[in-house]
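**Q** Before I ask anything, here is the structure I am working with.
The values are calculated or read from the model by the stated rules, or taken from the named source; none is laboratory data. Just so it is clear, the structure is predicted and the values come from calculations on it, not from any experiment. Every residue, glycine among them, receives a Cβ derived from its backbone with ideal geometry; neighbour counts consider all protein chains shown. What goes into the accessible areas is simple: the full protein's heavy atoms, side chains included, and nothing from ligands, DNA or RNA. Shrake-Rupley method; radii C 1.70, N 1.55, O 1.52, S 1.80 Å.
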Amino acid sequence: MKFLVINGVNLNLTGMREQGVYGTATLEQINANIKAFCEKNGDSVEFYQSNVEGELVNKLHEAYLQKSCDGILLNAGAFTHYSYALRDAIAAINIPVAEVHMSNVHARESFRHSSVISEVCKGVVCGFGEKSYLAAIVALKN
Ligand code: DQA
C-alpha cells in the first residue's frame, strides 16, 4: 500500500515542545521510524507537514485528484478540534483517513475531547505516542 502521513499545526516542533506530553523524538525521527516500518512491510510512504489549514486541505485534494495513495494518516493537531474545512475535505475524498494523535486527547483538557473530523475518518488512534502512527498503518492495512 501507499500511505500519506499528514501532520498539521505545531507538529513540526515535536520533540521540542511539551516533551512531557509528546516525547523527545523529533518529527524527522518519527517519520524515519514510520518509513522503516512501512518498507519492512513492503509499503511506501510520503510525508507532509504544514501549519496552514488551507495547505492541509490542498494536500488532501491533491492525494484524491492524483490518486497518489491508498490510505492517509492525519494528525491535524489543534485543527482536529475545530476545522470544518478539514472535515469537509476528508468527506470529499474517497481515500480512507485515519485520525492520529500521539497523546491521549481524552485524558487532557476538555476542548481536546471533541473532534470535528472523527465522524468522517475511518478510525481514530490516540495515546500511544509515536506508535499511534504505526498502529494506524496496521489498522488501515487490515
Ligand atoms: C495532538 C493532540 C492535539 O490536541 C494537539 O493540539 C496537538 C497534537 C496529538 O498528537 O496528541 O497539537 O494531535
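**Q** Do the conditions hold for residue 132, that is, is it touching a strand residue (DSSP E or B) at 6+ places or on another chain (Cβ under 6 Å), at pLDDT 95 or above and either within 16 Å of the ligand (Cβ to nearest atom) or outside any helix (DSSP H, G or I) (or both)? Even if it seems obvious, please write down each step before you answer.
**A** Working: touching a strand residue (DSSP E or B) at 6+ places or on another chain (Cβ under 6 Å): yes; at pLDDT 95 or above: yes; either within 16 Å of the ligand (Cβ to nearest atom) or outside any helix (DSSP H, G or I) (or both): yes.
Against the criterion (touching a strand residue (DSSP E or B) at 6+ places or on another chain (Cβ under 6 Å), at pLDDT 95 or above and either within 16 Å of the ligand (Cβ to nearest atom) or outside any helix (DSSP H, G or I) (or both)), residue 132 qualifies.
**Q** Among the residues of the range 7-29, what is the count of those that are free of Cβ contacts under 8 Å to residues at least 40 places away in the same chain and surrounded by 15 or more Cβ atoms within 10 Å (Cβ to Cβ)?
**A** Selection size over the range 7-29: 3.
**Q** Could you please find all residues in the range 64-84 being part of a helix (DSSP H, G or I), over 15 Å from the mean Cα position of the chain (by Cα) and exposed (fewer than 14 other Cβ atoms within 10 Å of the Cβ)? Show your work before the answer.
**A** We begin by selecting, within the range 64-84, every residue part of a helix (DSSP H, G or I); these are 64-65, 77-81, 84.
Now restrict to residues that are over 15 Å from the mean Cα position of the chain (by Cα): 64-65, 84.
Selection gives 65, 84.
**Q** Let me ask something else about it. Could you tell me whether residue 21 is modelled with pLDDT of 95 or more and either on the phi > 0 side of the Ramachandran plot or within 15 Å of the chain's Cα centre (by Cα) (or both)? Outline the logic, then answer.
**A** Values: modelled with pLDDT of 95 or more: yes; either on the phi > 0 side of the Ramachandran plot or within 15 Å of the chain's Cα centre (by Cα) (or both): no.
In short, no.
**Q** Quick one: which residue in 57, 124 is more than 10 Å from the ligand (Cβ to nearest atom), open to solvent by 70 Å² or more (accessible area, probe 1.4 Å) and not in a loop (DSSP other than H, G, I, E, B)? Even if it seems obvious, please write down each step before you answer.
**A** Numbers: 57 fails: open to solvent by 70 Å² or more (accessible area, probe 1.4 Å).
Testing whether each residue is more than 10 Å from the ligand (Cβ to nearest atom), open to solvent by 70 Å² or more (accessible area, probe 1.4 Å) and not in a loop (DSSP other than H, G, I, E, B) leaves just 124.
**Q** Additional query: Name the pairs whose Cβ atoms lie under 6 Å apart, with the first residue in the range 70-84 and closer than 9 Å to residue 9 by Cβ, the second within 11 Å of the ligand (Cβ to nearest atom), and 6 or more positions between them or separate chains?
**A** Correct list of pairs: 76/8; 77/8; 77/9; 77/10; 77/11; 78/9; 79/8; 79/9.
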